[in-house]
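Encoded as structure tokens, the structure appears first; notes follow it.
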Amino acid sequence: MSLLQTGGPPLRRASLNVIETEPQRRGPDRSVDRRLTFAGLVVAALFLVVAALSVALPPGVRLGWWLPVHLALAGGAATAIAAMLPFFVAALVVAPPAPAWLHGGAIALVASGAALAAVGRASDAAVPNLVPALGAVAFVAGAAGVAGSALWPLRRATGPRRPVTEAAYLAGLACVMAGVTIGGLYLAGEPAVVEAWARLRVAHAWLNAFGFLGLVIGGTLIHFAPTVAGARIRSRTSGRVAVAALGAGAVAGAGGYTVDSGGLVQAGAALLVGGAAALTWHGLRVQRDAVGWSSEHDWHRLASWSFLAAPAWLLVAAAVIALRVAGAGAGGEGWRLTDVAGPLIAGFAIQVLVGAMTNLVPAVGASGHAERAIARRALGRLGTARVVAWNLGTAALSVGLLGDAPIFATLATLGLVTLGIAAAAAAGALGSAILRR
């Protein structure tokens, strides 16, 4: 939760301290929910490690870049969202969390569904393939469980409601359920889906990447970014525009690919650009309003700079896609993962995930003031250098994947090496903080 009030007179421009004393007035008991969230974050981190290791597999086994991307997004990012989203909702509205069986079951289904899909597809690329299809069913059930876990606290909310964030969460979960269902039908060998897969695979990607990750991350940053930066949480037009445009763009684009309408796809791409631009502007406004922190600067800076840079990379990805679909329309050739792998996956999704873990692991994983302080110091070690290296590596990789000339290959390799070093440092910091649990 934020250490700042959401109303009252303007804040003085002074640094804030991390509060190290327990509040006298306690809210609902969320100890079990904290443990579930922490466990989900640990599983998400393991998915990211496995995703990095899977790059070393033969291309035929990992299906090009499909397996590493699937493990990172469907495994790492989605499991982290399943763990954190219900936790955020209960914290924002100051209400008792969902029952442990519902929240924990949702995390388990999302993680197991992603794992089944990964193992099934990598071991046998033929269609129909019932193992990854079963994984898709488990993932959709898990997403429904996450939605139930998020709705549960709203019935007993004692704090202010956050309608924009709530709408973003529910719309994002609806998008991923639709997107994964399309993929599951393809894996099960549904003839109509298999026949139109060249276009439907792009609808599947748009719903998952922009509808799910874009909306859930965007809705979270509206309130989480001010908390991390040390700014007032308040309603901003940019946040509302970002959520509305990202949601409309994802649905319009996916719908355009489904019904083979180039105009609808292009309109969706334009909306994605507008939504990403609004989210980027929101992050800039948050940084301008921030009063800053008086201690643990690297720890704060890593998360707040990550939350500032990630929307800008989403804007880059949306702009690249808009340029591609301007000429390709609803044809499947308008979507190439390599065009947006750098900005969308490394710059946006994984950077937000690492920033969120950096901020949340001490809060949900440590059991006392001293342990939380130790975890923050471990996670903040070389934090400024790590976030700068991550974004430089993302920039080199993003440019390097756009061309085939030797200079582009060199840039892509340099970007991957830089990202690998930054990822290893992040893994070491997270591992240190988690083991201290």
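Quick notes on this structure:
- Calculated Cα extents along the principal axes in Å (choose from (1) 71, 54, 41; (2) 62, 48, 41; (3) 157, 48, 42), label: (2)
- Solvent-accessible surface ranking, highest first, for 190, 296, 195 at 1.4 angstrom: 195, 190, 296
- Per atom type, segment 70-187 shows carbon and sulfur on 76% of its accessible surface, probed at 1.4 Å.
- Dividing the summed -39500 (n - 2.57) terms of all DSSP H runs of n ≥ 4 by the residue count of the chain sets its mean residue ellipticity at 222 nm at -24000 deg cm²/dmol.
- Taking the 1.4 Å solvent-accessible surface of segment 191-350 as the whole, the part contributed by carbon and sulfur is 66%.
- Segment 238-288 and segment 93-121: distance between their alpha carbon centers, rounded to Å: 28
- Each other residue within a Cβ distance under 12 Å of residue 386 adds +1 if Lys or Arg and -1 if Asp or Glu, for a net charge of +1.
- Degrees, to the nearest 10: 262-289 long Cα axis against longest axis of the chain: 20
- When only Cα pairs below 8 angstrom with a gap of at least 6 residues are kept, the chain shows a relative contact order of 14 percent.
- Residue-normalised accessible area of the chain, expressed per residue, 1.4 Å probe, Å²: 41
- Two numbers describe the Cα atoms of segment 363-415: Rg and Dmax, which are 17.8, 54 Å.
- Cβ-derived FRET efficiency at R0 35 Å, residue 46 paired with residue 410, nearest 0.05: 0.65
- Hydrodynamic analysis of segment 318-437 uses the Kirkwood radius over alpha carbon pairs. Inserted into Stokes-Einstein at 20 °C and 1.002 mPa s, it gives a translational diffusion coefficient of 135 µm²/s.
The values are calculated or read from the model by the stated rules, or taken from the named source; none is laboratory data. Since this is a predicted model, take the numbers as computed values, not measurements. Neighbour counts run over all protein chains shown; Cβ positions are idealised from the backbone, glycine included. For accessibility, only protein heavy atoms count, side chains too; no ligands or nucleic acids. Shrake-Rupley method; radii C 1.70, N 1.55, O 1.52, S 1.80 Å.
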